[in-house]
Amino acid sequence: MSHIVITGASGFVGRALVRRLRADPQHQLTLIDQAFDAATDGPNTRQLLGSFGDPAVLDQALRTPADIVFHLASVPGSLAERQHALGYQVNLQATLTLAHRLAAQGEQQGHVARLVFASSIAVYGPLGTLPVREGQPAQPAISYGAHKLMAEIELADLSRRGAVDAVSLRLPGIVARPATETGHGSAFMSLIMHRLAAGQPYVCPVSSGATAWWMSLPCCVDNLLHAAAISTADAPPSRCWQLPVLHLSMHQILAALEQRYGAQCGQLLSHQVDPQIEALFGRFPALHTPAALAAGFRHDGDADALIRHAMAPAQ
């Protein structure tokens, strides 16, 4: 039986991952988060309430050595920018505490865990208009991206030493997040889907021509599970993969929503551009990821499939 630890297990991505993993009775799940409800409870599942960086919580979590750790917990970008001390403590310090506890497990017990780290495209900073390739230099423009990049580097070094077996995934905007969720500057990527699907008007903070990198929640979970199983024998020294994405404009997203939910979607949508949000989240160029595709990572396919996957009921 595999012992799998998930931080941020009650979050948007965490819940979906728990649902998928719980389908296999050979998994023993240890879930860590600040709050839980019945959605993450079930057989072969242990819930630990608290911070993943708390030594007491980690003592409980790793009493049985972990085989796989999905580190999903973080303070989202906009909130981390407003509350820098909180973002620094959670996104960097607690992440390093977790990584070094797993490294101690590997060095002292010889039980090396696969650590799948949910990094972010925020590591890149401003991208310009030229297509982005997998060797794109990282120049984060917000603290969230800087902390993710620092964690990637430390995980790569621990992997070089053989103390952990890390895979860092640079995640794009994952949709469709709950309509009530706050703290994400990219919230418009999910809100446009929720509001128009429900027949409600929506004022979008980016223009019709704004472009972003998109991935549905089911596709994200597929890639996380693939990262847990992939061989790292030929992994890049960075231990990092930029996931494949769909590069779509808001106009293309609207067209897919109209196809699925009706032409009235176009009448419900208006734009009131926030220059800062458009600059940070609405000017993404094309992205080319041949190495990630060759390694078996995937995107949703097309805009219609993205909407279908993103708005599918939770299983």
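The values are calculated or read from the model by the stated rules, or taken from the named source; none is laboratory data. What you see is a predicted model, and the numbers here were worked out from it, not measured in a lab. When we count neighbours, we look across all protein chains shown, and the Cβ atoms used for this are built from the backbone with ideal geometry, even at glycine.
Looking only at region 145-164, which residues are in contact with a Pro (Cβ under 7 Å, 6 or more places away or on another chain) and not aliphatic (A, V, I, L, M)?
Of everything in region 145-164, nothing turns out to be in contact with a Pro (Cβ under 7 Å, 6 or more places away or on another chain) and not aliphatic (A, V, I, L, M).
Before we move on, is VAL13 crowded, with 20+ Cβ neighbours inside 10 Å and over 25 Å from GLN93 (Cβ atoms)? Walk me through it before giving the result.
Details: crowded, with 20+ Cβ neighbours inside 10 Å: yes; over 25 Å from GLN93 (Cβ atoms): no.
Answer is no for this residue.
Out of the residues in region 131-184 that are among the polar types (S, T, N, Q) and outside any loop (DSSP other than H, G, I, E, B), which is farthest from PHE12 (Cα to Cα)? Explain how you work it out, then say what you get.
Residues of region 131-184 that are among the polar types (S, T, N, Q), as a first pass: 136, 139, 143, 159, 168, 180, 182.
Okay, now just the ones that are also outside any loop (DSSP other than H, G, I, E, B), so 143, 159, 168.
Details: SER143: 22, SER159: 28, SER168: 19 Å.
Residue satisfying both the conditions and the ranking: SER159.
Tell me which strands (runs of 3 or more DSSP E) are completely within region 185-249 and hold 1 or more residues being touching a Ser or Thr at 6+ places or on another chain (Cβ under 8 Å) and touching a residue at least 60 places away in the same chain (Cβ under 8 Å), or say none if there are none.
Values: elements: 202-204, 211-216, 240-242, 246-249.
Counting at least 1 such residues, we get 202-204, 211-216, 240-242.
Out of all the residues in region 22-59, which are in contact (Cβ under 8 Å) with a residue 40 or more places away in the chain, buried (at least 18 other Cβ atoms within 10 Å of the Cβ) and either of a type in the set (Ser, Thr, Tyr) or assigned to a helix (DSSP H, G or I) (or both)?
Correct list: SER51, LEU58.
Which residues, taken from region 73-119, are over 16 Å from the mean Cα position of the chain (by Cα), modelled with pLDDT under 95 and either basic (Lys, Arg) or not in a helix (DSSP H, G or I) (or both)?
Of everything in region 73-119, those that are over 16 Å from the mean Cα position of the chain (by Cα), modelled with pLDDT under 95 and either basic (Lys, Arg) or not in a helix (DSSP H, G or I) (or both) turn out to be ARG82, GLN83, GLY110, HIS111.
Can you find, within region 167-181, the residue that is nearest to ALA256 (Cα to Cα) among those that are over 12 Å from the mean Cα position of the chain (by Cα) and in contact (Cβ under 8 Å) with a residue 60 or more places away in the chain?
Per the criteria, the residue is ALA176.
When the residues of region 110-140 are filtered to those that are of a type in the set (Gly, Ala, Ser) and loosely packed, with under 15 Cβ neighbours inside 10 Å, which remaining residue is nearest to VAL245 (Cα to Cα)? Please lay out each step first, then the result.
Quick first cut of region 110-140, residues of a type in the set (Gly, Ala, Ser) only: 110, 113, 118-120, 122, 125, 128, 135, 138.
Right, trim to loosely packed, with under 15 Cβ neighbours inside 10 Å and you get 110, 128, 135.
Details: GLY110: 36, GLY128: 17, GLY135: 16 Å.
Among them, the one singled out is GLY135.
Here are the criteria: (1) charged (D, E, K, R); (2) in a loop (DSSP other than H, G, I, E, B); (3) more than 20 Å from the chain's Cα centre (by Cα). Tell me which single one ASP304 does not satisfy.
(2)
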